[in-house]
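As structure tokens, the structure follows; a few thoughts come after it.
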2 protein chains.
Amino acid sequence: MRIALLGGTGEIGEGLALRWGHDTDHDIVIGSRDPEKAREAANDYETELADRGVDAKVTGFENTMAADRADMVVVAVPPYHVADTIEAVAGSLAEGDIIISPATGMQRDEDGFHYHPPDAGSVTAIAAAAAPDEVPVVGAFHNLAAGRLADLDSDLGIDTLVVADDGDAKATVSGLAEDIEGLRALDAGGLANAAEIESLTPLLINVAMNNDGLHDLGVRFD
Amino acid sequence: MRIALLGGTGEIGEGLALRWGHDTDHDIVIGSRDPEKAREAANDYETELADRGVDAKVTGFENTMAADRADMVVVAVPPYHVADTIEAVAGSLAEGDIIISPATGMQRDEDGFHYHPPDAGSVTAIAAAAAPDEVPVVGAFHNLAAGRLADLDSDLGIDTLVVADDGDAKATVSGLAEDIEGLRALDAGGLANAAEIESLTPLLINVAMNNDGLHDLGVRFD
């Protein structure tokens, strides 16, 4: 499978690129608004994987070119860039492609991090509203600590929650998630259930901030 | 320590009463608006514990009498009764007592269960607003599946998140939580961080509804 990571020069994009590069044979395409940055990041990831003895193919392109080359398009950008990023690449998407939305919004105040759902209900819902009608949106990977994901020496042993209104797309993305060693995909229902998933991310940070010895937390449902 | 469980005839009250009765020497006081129901429930819990060879003291009283007899007052009532229950027992509370709020609100629609924070920000914040000034409120036990908690044959191995603005009260309640075998208390910061905890409860139900073999879910931060 060919997976584009738009905003793939950022932390969550790096983590997913390295994990899929390490654990699977999928082709990884790094997207960025700046094609030079995308190529540099792709080269860095390939080098890190080669240092670990993994001969993975990671390439870098401007976002629309990256989206054009892939079946799976992960929108690994900050929440306020989700809509414009999808709209910018819409012409490069075709029936059969799937958009994956891992972004969540939060704000920090004196007490900690807090989730304030956008008017659309969730950042995942913003992605769905911006996507072409024929391209399903799947919410996944919202609650993964980017640093831990990008550290291939760190075991995961955690869950990711997957939401979508299109059952086939949800199953495909759940499979992609479980291709990553130590990651279990759990079905959390339809896109309307995304807000409670996104809200878990600031909670994970609050818990890490308040408990010695806990950091880069993930969650396991048991 | 003496722990009153207001609304202790309900599922979460039953679970906490049985766990504390089984795992600790704390005196358990069941509260209800109907003293006869409280006495019946207390008797039932004592009998179940005796059947397991545990000689625990569980008594039952009308809510204000139960609060009067205890240092720790758990408001184990539905979210829409949190404020009036605390106001009804306020005269029975004294400096040194602690109110514990496990309630969370959620609504079901066609997609699943959803968290809609009340105007106060969270149900825990409603409890704090209703409490006398000299009695600190601690949010805890929001995300425990009641049926699993009440089933003493079921291992826990899960976490509960604790929030409070009063550090001493938070430490006391965290200790009470960890008195229950298999339950780990994690500090999630101040009361302002309660909404993201309460929001986890409908998510746990959505995950249980959508994945075969998962039910009565708890969560472990790792």
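The values are calculated or read from the model by the stated rules, or taken from the named source; none is laboratory data. This is a predicted model, so every value here is computed, not measured. Note: ideal-geometry Cβ built from the backbone for every residue, glycine included; neighbour counts use all protein chains shown.
Looking at A:T64, A:T47, A:T104, A:T85, which one is in contact (Cβ under 8 Å) with a residue 40 or more places away in the chain, of a type in the set (V, I, T) and assigned to a helix (DSSP H, G or I)? Spell out the reasoning first.
Working: A:T64 fails: in contact (Cβ under 8 Å) with a residue 40 or more places away in the chain; A:T47 fails: in contact (Cβ under 8 Å) with a residue 40 or more places away in the chain; A:T104 fails: assigned to a helix (DSSP H, G or I).
Testing whether each residue is in contact (Cβ under 8 Å) with a residue 40 or more places away in the chain, of a type in the set (V, I, T) and assigned to a helix (DSSP H, G or I) leaves just A:T85.
Please tell me if A:A120 is of a type in the set (A, V, I, L, M, F, W, C), out of contact with any helix residue (DSSP H, G or I) (no Cβ under 8 Å at 6 or more places or on another chain), free of Cβ contacts under 8 Å to residues at least 24 places away in the same chain and surrounded by fewer than 22 Cβ atoms within 10 Å (Cβ to Cβ).
Working: of a type in the set (A, V, I, L, M, F, W, C): yes; out of contact with any helix residue (DSSP H, G or I) (no Cβ under 8 Å at 6 or more places or on another chain): no; free of Cβ contacts under 8 Å to residues at least 24 places away in the same chain: yes; surrounded by fewer than 22 Cβ atoms within 10 Å (Cβ to Cβ): yes.
For A:A120, the condition - of a type in the set (A, V, I, L, M, F, W, C), out of contact with any helix residue (DSSP H, G or I) (no Cβ under 8 Å at 6 or more places or on another chain), free of Cβ contacts under 8 Å to residues at least 24 places away in the same chain and surrounded by fewer than 22 Cβ atoms within 10 Å (Cβ to Cβ) - is not met.
For segment B:147-171, the set of residues classified as closer than 22 Å to B:M106 by Cα and touching a Leu at 6+ places or on another chain (Cβ under 9 Å) consists of B:R148, B:L149, B:A150, B:I158, B:D159, B:T160, B:L161, B:V162, B:V163, B:A164, listed by residue number.
On the given criteria, is A:A195 among the aliphatic types (A, V, I, L, M) and without any contact (Cβ under 8 Å) to a residue 24 or more places away in the chain? No, not satisfied. For segment A:116-139, filtering for residues that are closer than 18 Å to A:H81 by Cβ and either within 14 Å of chain B (Cβ to nearest Cβ) or of a type in the set (S, T, N, Q) (or both) leaves 7. Take A:L161 and decide whether it is facing chain B (nearest Cβ under 10 Å) and out of contact with any Lys or Arg (no Cβ under 9 Å at 6 or more places or on another chain). Spelling it out, A:L161 is indeed facing chain B (nearest Cβ under 10 Å) and out of contact with any Lys or Arg (no Cβ under 9 Å at 6 or more places or on another chain).
If you go through segment B:168-189 and keep only what is within 11 Å of chain A (Cβ to nearest Cβ), under 15 Å from B:I99 (Cα atoms) and of a type outside the set (S, T, Y), you end up with just B:K170.
Within segment B:192-222, which residues are more than 8 Å from every other protein chain (Cβ to nearest Cβ) and either of a type in the set (A, V, I, L, M) or assigned to a loop (DSSP other than H, G, I, E, B) (or both)? Talk me through it step by step, then tell me what you get.
Taking segment B:192-222 as the starting set, the residues that turn out to be more than 8 Å from every other protein chain (Cβ to nearest Cβ) are B:194, B:198, B:201, B:205, B:208, B:212-213, B:215-216.
Listed by number, the residues that qualify are B:A194, B:I205, B:A208, B:D212, B:G213, B:H215, B:D216.
Among the conditions (1) free of Cβ contacts under 8 Å to residues at least 40 places away in the same chain; (2) closer than 26 Å to B:G112 by Cβ; (3) not in a strand (DSSP E or B), A:L176 misses just one, which is (1). Does segment B:149-165 contain at least one residue that is under 20 Å from A:L203 (Cα atoms) and assigned to a loop (DSSP other than H, G, I, E, B)? Taking every residue of segment B:149-165 in turn, at least one turns out to be under 20 Å from A:L203 (Cα atoms) and assigned to a loop (DSSP other than H, G, I, E, B).
For B:A70, the conditions (1) touching a residue at least 60 places away in the same chain (Cβ under 8 Å); (2) part of a helix (DSSP H, G or I) all hold with the exception of (2). Of the residues in segment B:67-82, at least one is buried (at least 19 other Cβ atoms within 10 Å of the Cβ) and more than 19 Å from B:A128 (Cβ to Cβ). Mind checking which residues of segment B:12-33 are of a type in the set (D, E, K, R) and under 16 Å from B:D71 (Cα atoms)? Matches in segment B:12-33: B:D25, B:D27. The residue that is farthest from B:V163 (Cα to Cα), counting only those in segment B:84-129 that are touching a strand residue (DSSP E or B) at 6+ places or on another chain (Cβ under 7 Å) and among the hydroxyl-bearing types (S, T, Y), is B:T85. Residue count for segment B:142-158 under the criterion of being within 11 Å of chain A (Cβ to nearest Cβ) and more than 21 Å from B:V77 (Cα to Cα): the result is 4.
Looking at segment A:88-101 only, could you name the residues that are part of a strand (DSSP E or B) and either surrounded by fewer than 15 Cβ atoms within 10 Å (Cβ to Cβ) or of a type in the set (V, I, T) (or both)? Working first, answer last.
In the first step, residues of segment A:88-101 are kept if they are part of a strand (DSSP E or B); the result is A:95, A:97-101.
Those that are part of a strand (DSSP E or B) and either surrounded by fewer than 15 Cβ atoms within 10 Å (Cβ to Cβ) or of a type in the set (V, I, T) (or both): A:E95, A:I98, A:I99, A:I100.
Does B:D27 satisfy being at pLDDT 95 or above, within 20 Å of B:P136 (Cβ to Cβ) and acidic (D, E)? No: the conditions fail for B:D27. Being closer than 20 Å to B:S122 by Cβ and either among the small types (G, A, S) or modelled with pLDDT under 95 (or both) narrows it down to one of B:A67, B:A83, B:A50, B:A56, so name that one. Checking each option against the conditions leaves just B:A83.
Conditions tested, residue by residue: (1) under 26 Å from B:I3 (Cα atoms); (2) out of contact with any Gly (no Cβ under 6 Å at 6 or more places or on another chain); (3) surrounded by fewer than 23 Cβ atoms within 10 Å (Cβ to Cβ); (4) at pLDDT 95 or above.
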site: B:S174; (1), (2), (3), (4): yes, yes, yes, yes
site: B:I180; (1), (2), (3), (4): yes, yes, yes, yes
site: B:L183; (1), (2), (3), (4): yes, yes, yes, yes
site: B:D187; (1), (2), (3), (4): yes, yes, yes, yes
site: B:A192; (1), (2), (3), (4): yes, yes, yes, yes
site: B:E196; (1), (2), (3), (4): no, yes, no, yes
site: B:M209; (1), (2), (3), (4): no, yes, yes, yes
site: B:G218; (1), (2), (3), (4): yes, yes, yes, yes
site: B:F221; (1), (2), (3), (4): no, yes, yes, yes
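Looking across segment B:5-51, just one residue is touching a helix residue (DSSP H, G or I) at 6+ places or on another chain (Cβ under 7 Å) and surrounded by fewer than 16 Cβ atoms within 10 Å (Cβ to Cβ), and that is B:E11.
Residues in segment A:102-115 that are within 11 Å of chain B (Cβ to nearest Cβ), of a type outside the set (S, T, Y) and under 21 Å from B:H116 (Cα atoms) were compared, and the one that is surrounded by the most Cβ atoms within 10 Å (Cβ to Cβ) is A:G112.
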